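Visitor: Below you'll find the structure I mean.
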């Protein structure tokens, strides 16, 4: 996440991809990949990764603020 915070989306996405190769259940890696794509300007690919993150469904007890934002009525109307 530090690389992502420093603006190094490419380096961050490589690290997240490696983490996912090792363990596909790592929610932070899925979220990180989504954020890296978002910072790179690829919102469609970002959404793909964010939706795959464990706990990304609004009804999940592990769902976080990013999930709530994606499931809001405003977010749904923007994607149409």
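The values are calculated or read from the model by the stated rules, or taken from the named source; none is laboratory data. These numbers come from a predicted model, not from an experiment. Positions of Cβ are backbone-derived with ideal geometry, glycine not excepted, and every protein chain shown enters the neighbour counts.
Visitor: If you scan segment 25-39, which residues turn out to be out of contact with any helix residue (DSSP H, G or I) (no Cβ under 7 Å at 6 or more places or on another chain) and not in a helix (DSSP H, G or I)?
Guide: 25
Visitor: Any idea which of (1) in contact with a helix residue (DSSP H, G or I) (Cβ under 7 Å, 6 or more places away or on another chain); (2) on the phi > 0 side of the Ramachandran plot is the one residue 13 doesn't satisfy?
Guide: (2)
Visitor: Identify, please: which residue in segment 40-69 is assigned to a helix (DSSP H, G or I) and either buried (at least 17 other Cβ atoms within 10 Å of the Cβ) or at positive phi (or both) and is, among those, modelled with the lowest pLDDT?
Guide: 67
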